[in-house]
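Notes follow once the structure below has been shown.
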Amino acid sequence: MDATEIDPNFLLISDREMYIHRDRSLAGSLGDGFVYRRIKNMLADPLLRPLLELLENGATSYEGALKLKGRGFLETRSMTARRGPFKEEELQYVLLTDEACSYAHRWLFQRAEGPEPDLDPAESLLKAIRRYLVVDAGSGIVVGRDVLEVAIDLDDMKILGRLVHLDYGLRQLSDPGFGDPVSEADWMEARAYWSGADSADRVGAAIVSFDSSELT
């Protein structure tokens, strides 16, 4: 192929490599047995991970939120910030519908029969989701009200600066250029206010970015 030409297969090649790498990584962590196959099957559902992220963490990627919204699993609300540099700003947050919660529960409580009855793939997936607060794939995030209120109280621009208005696809706020960095430990201290029902089992609250401009 001429050096000036672009291989028309570049998207297919990239997609294939991404899924091969993910499956190898999962197998490396989980083995190649029942738990691996079950979690791989759960992750193949495009709705389940963002749904569980909102249930457990109160936040998910913008891409994940769009999938849930398209299925009718999300409603939007707004609140006015009562303090901080964004006082009086109207900010959007999201709510999961009852149908969304029922959808998640069907996955979580559907007992998958396997050769390892003491291992629960669904609980393993939930524990993995409780290891972080949110993953930003590069397009921003959406959050529930509890996470939004804690982010405002902490003046955390890692969260507030990533908020995307779900109806318009635009960032809700711009960085005012001041404020102290907020640590994962700060979020862990406040986990009773924003984490899911099993906040006592939470082992992390990282804000992870896969934006290529931020990766080193």
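Accessible area per residue of the chain at 1.4 Å probe, in Å²? Provide the component values of the computation, followed by the final result.
Values: 12520 Å² over 216 residues.
In whole numbers, the chain has 58 Å² accessible per residue.
Given Cβ point charges of +1 (Lys, Arg) and -1 (Asp, Glu) and nothing else, what value in debye, to the nearest 20, does the dipole of segment 39-195 about its Cα centre take? Could the numbers behind the result be given before it?
Numbers: 19 positive and 27 negative charges, 71 e Å.
I would put it at about 340 debye.
Take the solvent-accessible surface of the protein heavy atoms, probe 1.4 Å, and return the percent of it on the chain that carbon and sulfur atoms account for. Please list the in-between numbers first.
On the way: 6280 of 12520 Å².
That share works out to 50 percent.
Could you calculate the contour length gain from E184 to S102, that is, 0.36 nm times the residue separation minus the distance between their Cα atoms, to one decimal place in nm? Before the final figure, lay out each step's value.
Values: separation 82, 0.36 × 82 = 29.52 nm, distance 3.08 nm.
Contour length minus the Cα-Cα distance gives 26.4 nm.
Among M42, M157, what's the order by accessible area (1.4 angstrom probe), most exposed first? Each step should come with its number before you reach the end.
Values: M42 0, M157 40 Å².
Result of the area sort, largest leading: M157, M42.
Along the Cα→Cβ direction, 7 angstrom out, place labels at S14 and L95. What is the inter-label distance in nm?
The two pseudo-label positions are separated by 3.8 nm.
Counting only helical runs of four or more DSSP H residues, what would the 222 nm mean residue ellipticity of the chain come to if each run contributes -39,500 (n - 2.57) and the total is spread over all its residues?
Working: 10 runs with 96 residues, N = 216.
Rounded to the nearest 500, it is -13000 deg cm²/dmol.
Given (i) 0.97; (ii) 0.94; (iii) 1.00 as candidate values of Rg/Rh (Cα atoms, Kirkwood Rh), which corresponds to the one derived from the coordinates?
Answer label, from the structure shown: (iii).
Could you state, as a whole-number percent, how many of the C-alpha pairs of segment 39-108 are farther apart than 19 Å?
When all Cα pairs of segment 39-108 are counted, 38 percent exceed 19 Å.
The values are calculated or read from the model by the stated rules, or taken from the named source; none is laboratory data. The structure displayed is predicted, hence computed values, not measured ones. Reconstructed Cβ throughout: ideal geometry from the backbone, glycine too, with neighbour counts over all protein chains shown. Surface accessibility is based on the protein's heavy atoms, side chains included, excluding ligands, DNA and RNA. Shrake-Rupley method; radii C 1.70, N 1.55, O 1.52, S 1.80 Å.
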